[in-house]
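Report on one structure; see the data block that follows.
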Amino acid sequence: MAEADPTRFTHRHLLGIQGLTRPEIENLLDLAEQAIEVSRQVEKKKTVLRGRTLINLFFEASTRTQASFELAGKRLGADVMNMAVANSSVKKGETLVDTAATLNAMRPDIIVVRHYCSGAVDLLSRKVDCSVINAGDGSHEHPTQALLDALTIRRRKGRIEGLTVAICGDVMHSRVARSNMILLTALGARVRMVAPSTLLPSGIDRMGVEVHRTMESGIRDADIVMMLRVQRERMDGAFIPSTREFFRFFGLDAERLKHAKDDALVMHPGPINRGVEIDSEVADGARSLINEQVEMGVAVRMAVLEALSQHLPNG
Amino acid sequence: MNNPSRPIALINARLIDPVAGTETRGGVLVENGEIRGVGAAITRASVSADAQIVDCGGDIVCPGLVDMRVFVGEPGAEYRETIATASRAAASGGVTTIVATPDTNPPMDDPAVVDFLLRRARDTARVRVLPSAAMTKGLKGEELAEIGLLQEAGAVAFTDGAHSIQNSKVMRRVLTYARDFDALVMHYAEDRNLASSGVMNEGEFASRLGLGGVPPEAESIIIDRDLRLAALTRGRYHAALVSNVQSLESIQRAKQNGLRVTCGVSINHLTLNENDIGDYRTFLKLSPPLRQEDERQKLVEALASGLIDVIVSDHNPQDVETKRLPFAEAEDGAIGLETMLSAGLRLVRAGTITLPRLLASLSSRPAEILGLPQGRLAPGAPADLIRFDPDEPYVVDRQKLHSRSKNTPFDEARMEGVVKLTMVAGRIVHE
């Protein structure tokens, strides 16, 4: 492992995995390794962001990502503010650009944004003077999720190059799938997308991944089976007929997992739908990395905050 | 009924092989529900002494008919038809496989209903009854039905029956989702708004009768849309009932472009036209409506050329009370299982189609589209066979038909062609 160096990250924002080089990604993962150690100490505080202000601006409900960023910011010494959009001026009709200008006037250092529209975080980043981190924009990207998934895989498997990773479920609407696809292929993994045709985006077969329409073929000999969350509102006949039919053909249970490699590991970005995309026996089993992913989430977000802090204005 | 474990030989027959399109003299040997041998070598002398011999006396022997569109009434409309009565009518009309439509009550959109139908068929049917299941929940054209689970339960195809999906996005999703299961989508094409005020074919005759018309475009606009979606999704699409030239032209183009597209026509549209409605005869009120004579002739030509793949009875039994109403208020539909073969033979007699081609569109071609082993006159094929005399005349008497409902458009018609024996899986079910 190369010596982690936060100054090697030269971007002002983290808007997506797209645009990052392999060395930049690997450097972030190395930085995150160090952050894991910090989080496992009794004294979890660093001073990298002392005096800095971090705003969590979530236009979409989130528990783990928002908490993860909050903890990461606090462990690095920042003042963290969570904007509750549900009760804010946004509900009174303020546009995204106006919200950005308002927040910018409060002189934050970093804004973490989740928005239900693809491209919204990029738009906001153009209107502020501080750094912006994309915590998920529509069906586009969720870069810190892909980084934490990569870190989890790399720590368990020792590498990413050459692994077969099957990403299964609602690929069409998943920003996690898109960010992971870009990151994992950049690091030399073979990526498969596994879904019914109604949940595969158009042109997916030209994006450098293998496309499978049955779980059996999709996870065959896979090293990693990454399940995606299926939103309830997509299950009642709109994209797939029903929960039970989806589980019958695309749910991951112990029997189906036998098609993957004997040492295959199971991941899920959470929150899981038990009995819809994943069976409890697998989700809670020895091969599940679901809770480990959450721990890696804090570490990766600390690494990203630290890397971005090198280039903050007046820094 | 015969003992199906005893070999049976149908000898001295005109054998018509619809797959090869050939006619030969000879016999068929049946054992254990399968065809063992076919051809001139099967004679009284050649088969073993314990075999039952049926001397066909020069009658035609060919595979039993496969009817892709039959309303069997169960569950929920037993006053119109039951599986028992429909299958008796089928056996007497030479139909050995029925595909039941899903517009039942409850509709066939749940695996438990498919299972119910299969059990009822096992217990009460003389012929094979296979379910087609709903492609949208409740046949409402809004949400995908459980195509995977329904197929596992035994559905052989997917259709919303007499309901047509209006929402193009839903139709796209159905075709896309069904493709993953290689499931056949059979769609009845009708633009509901365009057809809404009509009760018969639009044109001079409707205007003279003072009835609202349904233009051919009500069908062809949806067919055009569906074919574009079939191209987009690469799904397997079957236009359940075509009735006009516009639809045929579109389907021809789609076939030329290599799409996995097929189509069917009802026996009524091949043999009747709008003038047969005459004095407001509600038994001829159909959907799609009967068209003009020149359209009918084009349909027959398309059948002869193979552009139209299959003929269906579109058997739709209606209670007398729903037909004994003013034309505009009467229900659509006609029964047809028992008269389909002899009505089809009218086309052969008129010289517009050959007998093997007619029989192919009634047996081997539908079986092929449905992925069934039936419809073949070859060793190893299921012994679903019929014997009929194509020239024996009779007059249709609706009271003598086996269907529970009597709404035949051919009542009192002079027909030729009588089925003398129907065999399903080696068992004689009608003689």
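The values are calculated or read from the model by the stated rules, or taken from the named source; none is laboratory data. These figures come from a predicted structure and were not determined experimentally. Using ideal geometry, Cβ is built from the backbone for each residue, glycine included, and neighbour counts are taken over all protein chains shown.
Every residue, every condition in (1) of a type in the set (S, T, N, Q); (2) surrounded by 22 or more Cβ atoms within 10 Å (Cβ to Cβ); (3) within 14 Å of A:L15 (Cα to Cα), yes or no:
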site	(1), (2), (3)
A:F69	no, yes, no
A:N82	yes, no, no
A:E94	no, no, no
A:V97	no, no, no
A:M106	no, no, no
A:I110	no, yes, yes
A:D137	no, yes, yes
A:K157	no, no, no
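Counting only residues that are of a type in the set (D, E, K, R) and in contact with a strand residue (DSSP E or B) (Cβ under 7 Å, 6 or more places away or on another chain), which one in region A:183-206 is surrounded by the fewest Cβ atoms within 10 Å (Cβ to Cβ)?
A:D205
Here are some conditions: (1) among the basic types (K, R); (2) more than 22 Å from A:R75 (Cα to Cα); (3) buried (at least 19 other Cβ atoms within 10 Å of the Cβ); (4) at pLDDT 95 or above. A:R301 meets all but one. Which one does it not meet?
(2)
Kindly indicate the residue of region A:221-239 that is surrounded by fewer than 16 Cβ atoms within 10 Å (Cβ to Cβ) and without any contact (Cβ under 8 Å) to a residue 60 or more places away in the chain and also farthest from A:A186 (Cα to Cα) among those meeting that condition.
Out of the qualifying residues, it is A:D236.
Listed residues B:A9, B:A45; which is crowded, with 21+ Cβ neighbours inside 10 Å and small (G, A, S)?
Testing whether each residue is crowded, with 21+ Cβ neighbours inside 10 Å and small (G, A, S) leaves just B:A9.
Rundown of residues vs (1) surrounded by fewer than 21 Cβ atoms within 10 Å (Cβ to Cβ); (2) over 18 Å from the mean Cα position of the chain (by Cα); (3) not charged (D, E, K, R), yes/no style:
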{"residue": "B:G27", "(1), (2), (3)": "no, yes, yes"}
{"residue": "B:E34", "(1), (2), (3)": "yes, yes, no"}
{"residue": "B:Q52", "(1), (2), (3)": "yes, yes, yes"}
{"residue": "B:D59", "(1), (2), (3)": "no, yes, no"}
{"residue": "B:E74", "(1), (2), (3)": "no, no, no"}
{"residue": "B:I83", "(1), (2), (3)": "no, no, yes"}
{"residue": "B:A91", "(1), (2), (3)": "no, no, yes"}
{"residue": "B:V95", "(1), (2), (3)": "no, no, yes"}
{"residue": "B:N105", "(1), (2), (3)": "yes, yes, yes"}
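Please verify whether B:S220 is part of a helix (DSSP H, G or I), surrounded by fewer than 21 Cβ atoms within 10 Å (Cβ to Cβ) and away from every other protein chain (no Cβ under 14 Å), treating the condition exactly as stated.
Against the criterion (part of a helix (DSSP H, G or I), surrounded by fewer than 21 Cβ atoms within 10 Å (Cβ to Cβ) and away from every other protein chain (no Cβ under 14 Å)), B:S220 does not qualify.
Report whether or not B:T43 is modelled with pLDDT under 95 and on the phi < 0 side of the Ramachandran plot.
Taking the combined requirement at face value, the residue satisfies it.
For every residue, the table says whether it meets (1) modelled with pLDDT of 95 or more; (2) closer than 28 Å to B:T282 by Cβ; (3) of a type in the set (G, A, S); (4) surrounded by fewer than 21 Cβ atoms within 10 Å (Cβ to Cβ).
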| position | (1), (2), (3), (4) |
| --- | --- |
| B:G344 | yes, yes, yes, no |
| B:L362 | yes, yes, no, no |
| B:G380 | yes, no, yes, yes |
| B:V395 | yes, yes, no, yes |
| B:K400 | yes, yes, no, yes |
| B:F410 | yes, yes, no, no |
| B:R427 | yes, no, no, yes |
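Inspect region B:289-296 for any residue being surrounded by fewer than 17 Cβ atoms within 10 Å (Cβ to Cβ) and either modelled with pLDDT under 95 or over 20 Å from B:I335 (Cα atoms) (or both) and give the result as yes or no.
Yes; the residues of region B:289-296 include at least one that is surrounded by fewer than 17 Cβ atoms within 10 Å (Cβ to Cβ) and either modelled with pLDDT under 95 or over 20 Å from B:I335 (Cα atoms) (or both).
Could you check region B:297-329 and list, in sequence order, the residues that are of a type in the set (A, V, I, L, M), surrounded by 19 or more Cβ atoms within 10 Å (Cβ to Cβ) and within 24 Å of B:R192 (Cβ to Cβ)?
Within region B:297-329, B:L299, B:V312 qualify.
Quick one: how many residues across region B:231-247 are surrounded by 19 or more Cβ atoms within 10 Å (Cβ to Cβ) and more than 20 Å from B:A162 (Cα to Cα)? Don't jump to the end; show me each part of the working.
Filtering region B:231-247 for residues surrounded by 19 or more Cβ atoms within 10 Å (Cβ to Cβ) gives B:233, B:235-244, B:247.
Applying the additional criterion that residues be more than 20 Å from B:A162 (Cα to Cα) yields B:233, B:235.
Number satisfying all stated conditions: 2.
Just for helices (runs of 4 or more DSSP H) wholly inside region B:265-323: which have at least 1 residues that are under 20 Å from B:E217 (Cα atoms)?
Where helices (runs of 4 or more DSSP H) fall fully within region B:265-323 and carry at least 1 residues being under 20 Å from B:E217 (Cα atoms), they are B:267-271, B:293-305.
Considering only strands (runs of 3 or more DSSP E) fully contained in region B:1-95, which possess at least 2 residues that are hydroxyl-bearing (S, T, Y)?
So the answer is B:22-31.
Can you pull out the residues in region A:271-295 that are in contact (Cβ under 8 Å) with a residue 60 or more places away in the chain and part of a helix (DSSP H, G or I)?
A:E292, A:Q293, A:V294, A:E295
Quick check on region A:124-134: of everything there that is out of contact with any Asp or Glu (no Cβ under 9 Å at 6 or more places or on another chain) and not in a loop (DSSP other than H, G, I, E, B), which residue is nearest to A:E70 (Cα to Cα)?
Ranking the candidates gives A:I133 first.
Are any of the residues in region A:160-169 touching a residue at least 24 places away in the same chain (Cβ under 8 Å), closer than 19 Å to A:L289 by Cβ, crowded, with 24+ Cβ neighbours inside 10 Å and touching an Asp or Glu at 6+ places or on another chain (Cβ under 6 Å)?
yes
What number of residues within region B:340-383 satisfy the criterion of being touching a residue at least 12 places away in the same chain (Cβ under 8 Å) and not in a loop (DSSP other than H, G, I, E, B)?
25
Need at least 3 residues that are within 14 Å of another protein chain (Cβ to nearest Cβ) and not β-branched (V, I, T) per element, so show me which helices (runs of 4 or more DSSP H) inside region B:116-212 make the cut, counting only ones lying wholly within it.
Fully inside region B:116-212 and qualifying: B:147-153, B:168-180.
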